[in-house]
Structures are given as structure tokens and as C-alpha cells.
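Enquirer: For reference, the structure I am asking about is given below.
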Amino acid sequence: MKKKTPKGIDAPTLNYLISGLLVLTAILHLGAGALMGESELKVPILVFGVLFLGAGVWVRKGGRPAVLGVMGLSALGLALGGSKYLQQGGPVSMPLMFLIDVLVIAAGAAWLNLTRKKKA
């Protein structure tokens, strides 16, 4: 009897993971923005929520440009949101949103690595 070796994660699974993480962070952004009182962070959080929701749908069929785009969007959210959070604080869900940004960037890099064209 031959022993099966685990294959590891494949590109379509990573794509679903990226999409799911983006939709999750979109829900967190929209929820935090809706529940937030008057704050200068309210509008940017809501805008990023809408952007992440659209990106979660786009990445499913957009291929390489979509994955690069969502990695850039996550890096931008991490940089802008992180700097504001360090200066002013923010919703308690913000650290989870930052973690999701990091996971999206890492999963995107893994997806790009798996789907790159091999040179002979």
C-alpha cells in the first residue's frame, strides 16, 4: 500500500482564501465604521470597507493583476490605517484588520509564486 503524501495548498485554494479574507475585512471595516461615533476615521474606514468588498469579488476572476492589486490595497490599508491607529487609536477590531492585511499580502505572494511561469 502506497502512502499518500500531502500536496500542500494549491493556487485556487489560495485564491479562495484571499477572497474570503478580503470579504471578512470588508465586513469588519463596514461594521466598525457604521458603529463608530463622530470621528475623522469613520469615512476612511467605510471607504476601505467598500474597496475591500469589491476587491474580494474582483480577485476571484481577475488573475495576476487582481492579486497584485489586492496586495497593494492591503499594504496601503496597513500603512495608512496603522499610522492613524498608532496616532489616535481606533476601533478594537483594527488589530484584527491589520492581521488580515498581512495574511492577504502573504497569501498573495504565495499565489504569485505558485502561478509563475516556469522557465525550461
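The values are calculated or read from the model by the stated rules, or taken from the named source; none is laboratory data. Remember, it's a predicted structure, so these values are computed and weren't measured experimentally. Positions of Cβ are backbone-derived with ideal geometry, glycine not excepted, and every protein chain shown enters the neighbour counts. The protein model used for the area step is the full one, side chains on, heavy atoms only, and it has no ligands, DNA or RNA in it. Shrake-Rupley method; radii C 1.70, N 1.55, O 1.52, S 1.80 Å.
Enquirer: Could you please find all residues in the range 55-68 being open to solvent by less than 40 Å² (accessible area, probe 1.4 Å), part of a helix (DSSP H, G or I) and in contact with a helix residue (DSSP H, G or I) (Cβ under 8 Å, 6 or more places away or on another chain)?
Expert: Correct list: ALA55, GLY56, VAL59, ALA66, VAL67.
For (1) under 16 Å from LEU112 (Cβ atoms); (2) more than 13 Å from the chain's Cα centre (by Cα), each residue gets a yes or a no:
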| site | (1), (2) |
| --- | --- |
| PRO12 | yes, yes |
| VAL50 | no, no |
| ALA66 | yes, no |
| MET71 | yes, no |
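Enquirer: Output the number of residues of the range 31-40 satisfying the condition of being more than 15 Å from GLY81 (Cβ to Cβ) and open to solvent by 60 Å² or more (accessible area, probe 1.4 Å).
Expert: Counting residues in the range 31-40 that are more than 15 Å from GLY81 (Cβ to Cβ) and open to solvent by 60 Å² or more (accessible area, probe 1.4 Å) gives 3.
Enquirer: Every residue in the range 69-111 that is of a type in the set (S, T, N, Q), closer than 14 Å to LYS42 by Cα and either modelled with pLDDT of 90 or more or assigned to a loop (DSSP other than H, G, I, E, B) (or both), please.
Expert: SER93
Enquirer: Of the conditions (1) surrounded by 13 or more Cβ atoms within 10 Å (Cβ to Cβ); (2) not charged (D, E, K, R); (3) not in a helix (DSSP H, G or I), PRO44 clears all except one; give me its number.
Expert: (3)
Enquirer: Within the range 80-120, how many residues are without any contact (Cβ under 8 Å) to a residue 40 or more places away in the chain, small (Gly, Ala, Ser) and closer than 28 Å to PRO12 by Cα?
Expert: Qualifying residue count for the region: 3.
Enquirer: Working only within the range 13-30, note down all residues that are among the hydroxyl-bearing types (Ser, Thr, Tyr) and surrounded by fewer than 22 Cβ atoms within 10 Å (Cβ to Cβ).
Expert: Of everything in the range 13-30, those that are among the hydroxyl-bearing types (Ser, Thr, Tyr) and surrounded by fewer than 22 Cβ atoms within 10 Å (Cβ to Cβ) turn out to be THR13, TYR16, SER19.
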